[in-house]
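Report on the following structure.
The values are calculated or read from the model by the stated rules, or taken from the named source; none is laboratory data. Treat the numbers as computed from the prediction; the structure is a model and nothing was measured. FYI the Cβ positions are ideal-geometry reconstructions off the backbone, even for glycines, and counts take in every protein chain you see.
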Amino acid sequence: MFNVHEVPTISYKLLDTNPSWWRRRTTLERTLTLISIVALIAVAALVIALVSVVLSDKHHEVLELPGTAEALGAPPATHIISKHPDIETNEVTSKKDDICLTSECVHTASNVLEALDTSVEPCDDFYNFACGSFLKNTNIPDEKTQVNTFSVIGDKLQIQLKQLITEEPSETVAKPFKLANKLYKACMNKTLIEQKGTQPIVEIAEKLGGWPVIKGDAWDENSWTWQDSVKNFRKYGFSMDYILDFSVGIDLKNSTRRVIDLDQAAIGVSREYLVKGLEDKIVRAYYDYMVDMAVLFGAERTRAVNELRESLQFEIDLANISLPNEKRRNSSALYNPMTIADIQTKYPYVSWLNYINALLPEGLDVDENEIVIVSVPTFFEALGDLIKRTPKRAIANYVMWRIHGFSAFFLTEELRKRQLQYSTVLSGRQEQEPRWKECVDITSGSLPIAVGALYVRKHFQEDDKSKALEMVNGIREEFEKILKEVSWMDEKTREAALNKLHRMTTHIGYPDEIMKDSKLEEYYKDLDIDPDNYLPSILKMSVFGTNYSFNKLRKPFNKTDWLNHAKPAVVNAYYSSIENSIQFPAGILQEKFFSADRPKYMNYGAIGYVIGHEITHGFDDQGRQFDSDGNLVDWWQENTKKAYLEKARCIIEQYGNYTEVLTGLKLNGINTQGENIADNGGIKESYLAYKKWAEKNGPEPRLPGLPYSPQQMFWISAAQTWCSVYRAETLKMRITTGVHSPAEFRVLGPISNMRDFSKDFNCPEGTRMNPIKKCEVW
């Protein structure tokens, strides 16, 4: 996956005005437009002068060219000297104009110039050269945690979706679109939400025996078990994974069938924080948040302080018996098939057959011979003792806290303000985002297929599919060349790798089925939403989604099922190891990532980088564990595997030695290795694909005001894809728990490993961007 970022804000007033084309341009765009007009006039004058010379001197058969061009044996050259003395390019002018003067090129040049900081030497710090002005001039809105390319596109997408979702549906409109409108209304009806107060969750909690910290001595311990609580959570639409994770997934070793998975608990705070205990700032903030929320729901503070300390300890203990992320990258180690009878023998503290059948939908049953995948046996070995030594009341307080914490987001402003205080500690966000933005996000996230259908029908250009597919095929061809040429791979493994690449399927934009109302209505036929009941509607959608997923247990997995690729209104991209497929939703095929009306070097640097990234994911440290059919199979010969792991080790150490200045934290080279390998391979493949395209189609014109060659502009485009400003808290959380390196290192890491970059920018060996030691997996 590329990476999804929080969608930032934009002034809604942009929808209410209709200024002229000239007034909508930025100052820089106006300047560049004027320069372009002057340049056109000058070119016209030059043409007239040349025609006059030809007409007045007809006996000359050939117009003499300047000595430079003649010496080169080529048309006149434009010699460009940048502000940086070691960057010098000689561009041969094509038969076309050397500078692109279209409105799209002017607009693109304006955006590039606004981000650049030409006072920075590109060979010393290409990220700050490409993004320096963006970093200096971008302020993060109070309701946001970061601002970047993804979020800018997300701003536009939110406005587009709001217009689609809020349009009052007629009687003849298909049900899925009415559902989206109803959910948005339920979210926006703050008056009704405040009137209901905490009643929606209180009513459910009472049916579950109540939250002990609120019930006090009236709580009935004898009638409560944690297994029954999980079964009830399933019934009402809450998560079933607070103590152990239960799901229906794909069998990794036979990816055409589905199987039940048991995994470690989904805890409320990342394991990396919880294992540090209350001495950690985040854990302390989490505990204070738990106590304050319990009080707001009606608990007595002294009791909440004491009892929730015990429930927090239970959650800390769950974290301590869980595997860290670094040890979850080996899929084979997480694949431990057992029958339910075996599980009952190994872990007798649960009546597993009864437990599993209670969570499955009505009419779907398993027996003790059913095969279940146990991801982390050590967790289940330790869980029994943990439950045995922990008081029932502490466990009940923990699980009831989790459902109240989840529900609060959909309830009163008083509860949400306390949530915001905790969020501020965690991510640095200072304010809640405007309600309409939140409701758009809730609607599109909860009903992604319905909202996605609305989006592509209105905003996606069908021609973009074929243009993007052309890029995918070109970049894939370059990766194929790499696979054929790498010297460390034996022929048997190479053949398997090539087969996997050839069988990798591509999904661009959206599936055709999403354009058919009948398909959408079939999918959503069992779902209803009440616009007057917000939290119950959220829980109802959760039950609907769980039933849909679990009911597929006995059905074969269809890797081309349109529903697997039917969420187009997102700014992201994906690789699926199970499907061996790459996916580029409609939402990312726009703005800075892709435009059919600008030079190709901008597209190859942006969306091309993304395409190469996703292709390479099929051959990163995790993707390489799956074969061409999407099965968990070791298809690597031993010596080649060792060579691969050695090359991956170089990437791990390179990124693990980076220190982020704002937080002072070193990056986690192990957790981020998959994304880093994909970044390094992706940018290389896209660059090679662009060079091949340019060789076939000829050199492209430059952008106005930018004295850089097409090759240099490729690198600038790639780097500016990652221009990002973060809050310090968000950056710390990303480094501590995330699988993606911070944006700065997604530029510095791959580009410093690329010899072509150093050649294009004339970076001397030994400079920061051209280190002597380079890492390369692909």
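Which one of the conditions (1) over 24 Å from Ser542 (Cα atoms); (2) in contact with a helix residue (DSSP H, G or I) (Cβ under 7 Å, 6 or more places away or on another chain); (3) hydroxyl-bearing (Ser, Thr, Tyr) does Ser466 fail to meet, given that it meets all the rest?
The number of the failed condition is (2).
Taking the options Met713, Met754, name whichever one is within 19 Å of Thr118 (Cβ to Cβ) and more than 18 Å from the chain's Cα centre (by Cα).
Sole residue among the options that is within 19 Å of Thr118 (Cβ to Cβ) and more than 18 Å from the chain's Cα centre (by Cα): Met713.
Does Ala743 fit the bill of being in contact (Cβ under 8 Å) with a residue 40 or more places away in the chain, of a type in the set (A, V, I, L, M, F, W, C), crowded, with 23+ Cβ neighbours inside 10 Å and within 28 Å of Asn473 (Cα to Cα)? Steps first, answer last, please.
Working: in contact (Cβ under 8 Å) with a residue 40 or more places away in the chain: yes; of a type in the set (A, V, I, L, M, F, W, C): yes; crowded, with 23+ Cβ neighbours inside 10 Å: yes; within 28 Å of Asn473 (Cα to Cα): yes.
So Ala743 passes the test.
Considering each residue of region 203-226, count those that are surrounded by fewer than 16 Cβ atoms within 10 Å (Cβ to Cβ) and assigned to a helix (DSSP H, G or I), and give that number.
Total meeting the criteria: 6.
Determine if region 716-737 includes at least one residue that is under 19 Å from Thr118 (Cβ atoms), of a type in the set (Asp, Glu), over 16 Å from the mean Cα position of the chain (by Cα) and in a helix (DSSP H, G or I).
The answer is no, given that none of the residues of region 716-737 is under 19 Å from Thr118 (Cβ atoms), of a type in the set (Asp, Glu), over 16 Å from the mean Cα position of the chain (by Cα) and in a helix (DSSP H, G or I).
For region 643-702, give me each residue that is within 15 Å of Asp621 (Cα to Cα), assigned to a helix (DSSP H, G or I), small (Gly, Ala, Ser) and touching a Phe, Trp or Tyr at 6+ places or on another chain (Cβ under 7 Å).
Of everything in region 643-702, those that are within 15 Å of Asp621 (Cα to Cα), assigned to a helix (DSSP H, G or I), small (Gly, Ala, Ser) and touching a Phe, Trp or Tyr at 6+ places or on another chain (Cβ under 7 Å) turn out to be Ala643, Gly681, Gly682.
Please go through (1) over 19 Å from the mean Cα position of the chain (by Cα); (2) buried (at least 17 other Cβ atoms within 10 Å of the Cβ) for Gly674 and return the number of the only condition it doesn't satisfy.
Every condition holds for Gly674 apart from (1).
Filter region 275-302 for residues that are over 19 Å from Ala265 (Cα atoms), assigned to a helix (DSSP H, G or I) and not hydrophobic (A, V, I, L, M, F, W, C) and give the result.
The answer is Glu279, Lys281, Arg284, Asp288, Tyr289, Asp292, Arg301, Thr302.
Looking at region 528-626, what helices (runs of 4 or more DSSP H) fall wholly within it and have at least 1 residues that are closer than 20 Å to Lys684 by Cα?
By residue number, 600-605, 607-617.
What is the residue count in region 303-332 for residues that are closer than 29 Å to Phe410 by Cβ and in a helix (DSSP H, G or I)?
16
Could you pull out the residue among Gly216, Gly210, Gly249, Gly237 that is in contact with a Pro (Cβ under 9 Å, 6 or more places away or on another chain), over 19 Å from Glu315 (Cα atoms), small (Gly, Ala, Ser) and modelled with pLDDT of 95 or more?
Gly237
Say whether the condition of being over 25 Å from the mean Cα position of the chain (by Cα) and of a type in the set (A, V, I, L, M, F, W, C) is met by at least one residue in region 149-159.
no
Determine if region 396-414 includes at least one residue that is buried (at least 16 other Cβ atoms within 10 Å of the Cβ) and within 21 Å of the chain's Cα centre (by Cα).
Among the residues of region 396-414, not one is buried (at least 16 other Cβ atoms within 10 Å of the Cβ) and within 21 Å of the chain's Cα centre (by Cα), which makes the answer no.
Can you tell me which residue in region 444-464 is surrounded by the most Cβ atoms within 10 Å (Cβ to Cβ), limited to those that are at pLDDT 95 or above and among the hydrophobic types (A, V, I, L, M, F, W, C)?
This residue is Ala450.
Quick one: Val376 ticks every box in (1) buried (at least 16 other Cβ atoms within 10 Å of the Cβ); (2) closer than 27 Å to Asp263 by Cα; (3) out of contact with any strand residue (DSSP E or B) (no Cβ under 8 Å at 6 or more places or on another chain) except a single one, so which number is it?
The number of the failed condition is (3).
Can you find a residue that is of a type outside the set (Gly, Ala, Ser), crowded, with 24+ Cβ neighbours inside 10 Å and touching a residue at least 12 places away in the same chain (Cβ under 8 Å) anywhere in region 628-637?
no
Looking at region 165-176, which of the residues that are in contact (Cβ under 8 Å) with a residue 24 or more places away in the chain and surrounded by fewer than 21 Cβ atoms within 10 Å (Cβ to Cβ) is nearest to Trp211 (Cα to Cα)?
Lys175
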